[in-house]
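Throughout, read-outs are computed from the coordinates displayed, never taken from laboratory work. Not measured: the values here are computed from a predicted model. Don't worry about glycine lacking a Cβ; one is built from the backbone with ideal geometry, like all the others, and counts go over all protein chains shown.
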Amino acid sequence: MIRFVLGGGATVFTGLISSYCGAYIGGAFLALPAIFCASATLIEKHEIRRKRQAGFEGVRRGQQAAALDAAGAALGAIGMLAFAIVFSLTVDRSVPAAFIAASLAWLSCSVAAWYARRKMRSVRRTRTQGNDPVRRKPDRIVH
């Protein structure tokens, strides 16, 4: 039921954007209700079910799995935006060249966003584990 309501609400929102800004802009938002809302709730549901079969509650794990999927969707959206910008700027010259250039822009932006997120995550992880050199207590001196 939640997937239906979220997907329907996002579709209505996309329709409003399309009627206000035109089909060109509205089309960019069309993939959101079809994929993301359903996948996030399904991933959470499957992870909870899997953990419960193993004897655990699984709610936190389901939320983490859905959050990871959302982060991946955001990184993918960055790449998709780069693709759309490059394609729209170069399509007048040559469609095949625009497609190749836009694909390279998508690849480079997606990989760069993934790498930046990975680096930020590893820095955050080391700080929360107490390995931050600024906050580290001085080593004990034994005489």
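Residue by residue, the stretch 69-79 carries 3J(HN,Hα) couplings of 5, 5, 5, x, 5, 5, 5, x, 5, 4, x Hz when phi is fed to the Karplus relation 6.51 cos²θ - 1.76 cosθ + 1.60 (θ = phi - 60°); x denotes Gly or Pro. For the pair Leu81 and Lys45, label points projected 7 Å from Cα toward Cβ lie 3.1 nm apart.
May I ask you to derive the FRET efficiency for Ala112 and Val59 from their Cβ-Cβ distance with R0 = 35 Å, giving the value to the nearest 0.05? E(calc), rounded to 0.05, equals 0.55. Charge tally for Ala112 (other residues, Cβ to Cβ under 12 Å; Lys, Arg +1; Asp, Glu -1): +3. Between Gly58 and any residue 5 or more places off or on another chain, the built amide H atoms are never under 5 Å apart. Calculated FRET efficiency, Val91 to Tyr20, Cβ-Cβ distance, R0 = 25 Å: about 0.55 to the nearest 0.05.
Count the net charge of all other residues whose Cβ sits under 13 Å from the Cβ of Gly58, scoring Lys and Arg as +1 and Asp and Glu as -1.
Values: positive: Lys45, Arg49, Arg50, Lys51, Arg52, Arg60, Arg61; negative: Glu44, Glu47, Glu57.
Charge balance near Gly58 sits at +4.
Ranked by the mean number of other Cβ atoms within 10 Å of their residues, highest first, the peptides 77-84, 112-119 fall in the order 77-84, 112-119.
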